[in-house]
Every structure is written in structure tokens, then in C-alpha cells.
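Scroll down for the structure; my scribbles are underneath it.
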Amino acid sequence: MTLIFDIGNTNIKTALFDGDKLLYTWRISTDLKRTGDEYFSLLRPLFRDAEIDFSKISTVVLSTVVPALIGPFVIVSQHFSGKKPVIIGPDIYSKLPLKLPETAVHEIGTDLYCDALEAWCRYKCPCIVTDFGTALSFTAIDANANIAGVAIAPGIRTAFNSLFANAAQIPAIPLDIPPTSLGKNTVVSVQSGIVLGYKGLVEGLLKQMKEDLVKETGCKIEDIKVIATGGLNSMLSPITDAFDYVDKDLTLCAMKRIADIIGE
């Protein structure tokens, strides 16, 4: 079995694969103050409830956009498997089929690299991966397995929390799709501005990135596929046709693929 730790700014996703089958996923909060032993104490009961035999975990893979948590999760990995994890980052990029600009090797988030790698390996065509997380990211891949560029904006929830924290008269509201853009009360007004506003942002930026990908790489615009992932993609998926594919587990599948490639 392959154990996956995908550490984001807000949440840590833990997943367990048996072969190519995704068996379990768990989500806990990211906390820089926790030690490796504390994280293991949080995760161990989840594994025990699922009756997982630790001795069957053959590989652990770690991706993090929070470098300070690499050390603690090396400890977690050793507790679960007795082994150090495969750490996704610049040291292994040269062993993988997706290429990066030299200027981006030490800058790109490992989550973005994973998303782009999985998209390329699945579809073998120009792609743009839209990841709805703490940040809203767009990663473009050309027809020759090169990351062509990235655009990053505040995530939907991040923008909403900022508005709520900085505007005294804005109440806490559900971030749902509004019935109209013409809000006649605070709730619908905020939902219109955030949800429909981000719909316009996503569609407009995807259009621009497709045009730039065609201009800079020579691919055909009709060949470009758009893949959405991340926990909040479901908020926009019902009201836009911008996405060709939606897969909330894209990053986890990429990490399993990397484990297989590195282990070959």
C-alpha cells in the first residue's frame, strides 16, 4: 500500500492506496506548532478505526507547500512504515516526464507540479489545471510536456474570509450560488460578488491563458483541455462550462503515480 501526505496551507490530506485503488482519505488542519509525534497521534486512531495494518504500507509520499512540516512528517512516515518518505520537490523533478522552466524549479508549489504531471500523463495534450484551494491556481502545460506558466489568485474562501474579517457589517453567510447577480440583501449581494465574480475571473483567465498558450507554444486552441481540482471546484462547476474534466483527487493520484515512477 502507498501512504500519501498532501500538506497544504489550510489542510493536510492523507490518503491510502492499495495498488491503484484509492481506499481512504482523511483531512486534518495544518498546524505549524504540532510535532511529528502529535500528528501521528492524530492520525493513528483514524488508521486503527479503518483496521489498517501498518506493516502493509510499502511506500510513503510527501508533498508540501509548508516546508516547515517536512521534518515532522518524515517522523510520521517513519512511525507508520519504518521508512523515510519520497519527498516531492526539485531533487526528483528530473526523474519525471514533466519538464519545468529553470526559473521555476525551486519556486513552483509541489501541489501545482503534481496537478500538472497527472493532467499530462492522463491526457497527453495541452492542458490548464485549475486548482481551487487556499490559493486559486492555473497551471498551463504545452503539447511537449513542459509547464508553460502559472497564474495565482486568492482562493474563493480566502477572499470571502478577508471580506468578512475586514468589513464590520458583512455577516457570516453560506457561500452558495446566488439566484441572481442583482442582490437585494447582504447575503445575495456577497454571494453574487464572490461566487459569480470568481466565475468571471476563472472564465476570463482561462480564455486569456488559452490564447497565450497558443501564441507562445503554437498549439491549437481546440486541443487544450481544462481540468478542475481542489475542494471548492464544486462551487463553480454547476454554473460554468469552462471545465472539460473535474477530479477532486487529481493531486493524490499524481503523488501515487510519482511513487510508481520513482520506484521503477
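Annotations for the structure displayed:
- Which numbered condition Val86 fails, given (1) open to solvent by 40 Å² or more (accessible area, probe 1.4 Å); (2) over 16 Å from the mean Cα position of the chain (by Cα): (1)
- Restricting attention to the range 39-50, the residues that are loosely packed, with under 14 Cβ neighbours inside 10 Å and under 26 Å from Ala135 (Cβ atoms) total 0.
- Some residue of the range 172-183 being among the charged types (D, E, K, R) and either in contact with a helix residue (DSSP H, G or I) (Cβ under 7 Å, 6 or more places away or on another chain) or under 25 Å from Val105 (Cβ atoms) (or both): yes
- Entry remark, the range 152-171: residues being in contact with a helix residue (DSSP H, G or I) (Cβ under 6 Å, 6 or more places away or on another chain) and farther than 21 Å from Pro238 by Cα number 1 in total.
- Here Met209 clears all of (1) in contact with a strand residue (DSSP E or B) (Cβ under 7 Å, 6 or more places away or on another chain); (2) more than 15 Å from Leu236 (Cα to Cα); (3) surrounded by fewer than 18 Cβ atoms within 10 Å (Cβ to Cβ) except the condition numbered (3).
- Residue match in the range 222-233 (condition: acidic (Asp, Glu), under 26 Å from Asn146 (Cβ atoms), out of contact with any helix residue (DSSP H, G or I) (no Cβ under 6 Å at 6 or more places or on another chain) and assigned to a helix (DSSP H, G or I)): yes
- Taken together, the residues in the range 51-68 that are in contact (Cβ under 8 Å) with a residue 40 or more places away in the chain, part of a helix (DSSP H, G or I) and farther than 17 Å from Gly82 by Cβ amount to 0.
- Among the residues of the range 106-140, the ones that are among the β-branched types (Val, Ile, Thr) and in contact (Cβ under 8 Å) with a residue 60 or more places away in the chain come to 4 in all.
- Every residue from the range 136-150 that is open to solvent by 20 Å² or more (accessible area, probe 1.4 Å) and closer than 16 Å to Asn233 by Cβ: none
- Sole residue being open to solvent by 20 Å² or more (accessible area, probe 1.4 Å), farther than 26 Å from Ile156 by Cα and in contact (Cβ under 8 Å) with a residue 24 or more places away in the chain, chosen from Thr10, Thr103, Thr30, Thr35: Thr35
- Taking the range 1-50 as the region of interest, the strands (runs of 3 or more DSSP E) fully inside it that hold 2 or more residues being over 16 Å from Leu62 (Cα atoms) are 21-29.
The values are calculated or read from the model by the stated rules, or taken from the named source; none is laboratory data. A quick note: this is a predicted structure, and the numbers were derived from the prediction, not measured. Cβ sites come from the backbone with ideal geometry, for glycine too, and all protein chains shown count toward neighbours. Just the protein is used for accessible areas: all its heavy atoms, side chains included, with ligands, DNA and RNA removed. Shrake-Rupley method; radii C 1.70, N 1.55, O 1.52, S 1.80 Å.
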